[in-house]
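Down below is the structure, laid out as structure tokens.
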Amino acid sequence: MSVVPSADSAFYRPASPAQRGMWLSWTLKPDKSMYVNVYAYLLSGPIDIRVLDEAFRDLLLEHEVLRTGLLQVEGSVVQYTKAPTDESALDVEDWSRRPVTAADIDTWISEQRNTPFDLSDPPLVRAALLRLDAQRAVLAVRLHHAVTDGESHRMLCTELTRLYRDCAAGRRSTAATYALPMRRVEQERRWLGSKEYVEALTHRLAELRRADIIEFPAPTDESPLVGSSVISIPRRQVGALLEHAQSMGVTPFSTLLTVVSGVLYRVSGKDQYIVGLAMSTRDESVENQFGYFVNLVPVALSFDEDMTAEDLLLSTSGSVMSGIMVRSIPFEELVASLPELRPVGRPPVVQVVFGVDDASDRNHRISIEGVSSENIPVTGSALEFDLECACTLTAEELVVRLYWCNALGDSHVASLLNEIDRTLRWLNTHLGSLVREWPVELRWER
């Protein structure tokens, strides 16, 4: 860990519950690259590395949160912000004198992805440039969730586009523009101390105690794995199902969650269980600020084949709406209050996480005059749960990415893939055979 900064170089502020949870995870596993996102771009054209470095330095200057780290002071986890420096903010590697393959680039990006942060040593955003030749380079930007969330990609591209243009014209930033959102921190502190919060927490705890944690049967002839699979399903196979659900007022998010719920019901043998949903807590006061404005919301789901498909869809939709209503209750507070849902050696309360990615996120890119920018997909989970299911819905297909960690073996993964197909068939049949082209064309790779 880094040396604690002196009082005259840091200003301490209370850490949020989510930041305290990340701090604890980091202290337990400092060599793990958890809560880290990486965005990578192939830049083609006359890239001015000096200007790009200046743009990153100005990004850190203007946004205090990106210069913010976490420390433990007198038993409490706090935030502190480093003063801006003139040090380079861009690590540059030159591979222009050696042959480079696509696999080499993927390996380099994976190394960036798997490099852990020291949360006590901000900035918690790092940039690296891999020079391929005089006209091409790969830019990788690594961000920690202690100071960023899913909106960060859009903001990163917008800010770097603006700052590169200004730096190229000789217009450098001179002062911090975006201070830490302390008003938001104070609002959260008041909420956590209110009577209404205590009532909401009590009701939430009672609801979760009625559900079970998900325990996958132990692998019988194999070791648990860490890995991922990608499944592609043509849009025509799920489009009618999604449209029918929307006619009932059920969103695509809740419809896909119903499919996952059916899979968990069959794989785990339980009919009521908890699934974690990452929900944004952003509002207009922090619309254009970097920061972690997300809460992991556990929702209690159930699946019963004696229910109609319509009732199952509406039940899942109701659970999602209930989660939205209480998304401001910090996940870390639920964990502390539910010791019976903290299995030894397993993620507490939530073992399975579900989300639907925004397909438009892939369209965000850095715009530099005379330079083309192409997003490079970066795979991998920023979290450590038994299973994470991330869906992306495009005009052509539904892509399901499964990430698993330490609880599943090959037999489990094969079972999950089969049950996705089986659950889609079941919903299709019970909704009046909306799709007549079966079997579903599951295309998957490990």
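The values are calculated or read from the model by the stated rules, or taken from the named source; none is laboratory data. All of these numbers come straight from a predicted model, not from anything done at the bench. All Cβ positions, glycine included, derive from the backbone under ideal geometry; neighbour counts span all protein chains shown. Only protein heavy atoms, including side chains, enter the accessible area calculation; ligands, DNA and RNA are left aside. Shrake-Rupley method; radii C 1.70, N 1.55, O 1.52, S 1.80 Å.
Descriptive notes on the structure:
- Residue check for VAL263: crowded, with 16+ Cβ neighbours inside 10 Å, in contact with a strand residue (DSSP E or B) (Cβ under 9 Å, 6 or more places away or on another chain) and outside any helix (DSSP H, G or I): no
- A search for C-beta distances below 9 Å between a residue of segment 189-204 that is closer than 25 Å to LEU341 by Cα and any residue that is of a type in the set (A, V, I, L, M) and open to solvent by 100 Å² or more (accessible area, probe 1.4 Å), counting only pairs 6+ apart in sequence or on different chains, returns ALA200/MET325.
- In segment 232-252, the residues that are on the phi > 0 side of the Ramachandran plot form Cβ pairs under 8 Å with partners that are in a helix (DSSP H, G or I) and open to solvent by less than 60 Å² (accessible area, probe 1.4 Å), at six or more places apart or across chains, as follows: GLY249/SER317.
- Residue ID - nearest to HIS144 (Cα to Cα), chosen from residues in segment 239-296 that are small (Gly, Ala, Ser) and modelled with pLDDT under 85: SER285
- Residue list for segment 133-170, restricted to those being within 21 Å of ARG282 (Cβ to Cβ) and either assigned to a strand (DSSP E or B) or hydroxyl-bearing (Ser, Thr, Tyr) (or both): VAL141, LEU143, HIS144, THR148, SER152, THR158
- Residue identified as farther than 27 Å from PRO348 by Cα, touching a Phe, Trp or Tyr at 6+ places or on another chain (Cβ under 7 Å) and modelled with pLDDT under 80 among ARG425, ARG436, ARG443: ARG425
- Exclusive hit being open to solvent by 20 Å² or more (accessible area, probe 1.4 Å) and among the hydroxyl-bearing types (Ser, Thr, Tyr), set THR281, THR255: THR281
- One residue from THR148, THR202, THR161 being under 26 Å from the mean Cα position of the chain (by Cα), modelled with pLDDT of 90 or more, closer than 27 Å to PRO298 by Cα and polar (S, T, N, Q): THR148
- Within segment 164-183, one or more residues are buried (at least 16 other Cβ atoms within 10 Å of the Cβ) and in contact with a Phe, Trp or Tyr (Cβ under 8 Å, 6 or more places away or on another chain).
- Count of residues meeting criterion [under 26 Å from PRO99 (Cβ atoms) and open to solvent by less than 10 Å² (accessible area, probe 1.4 Å)] in segment 134-155: 5
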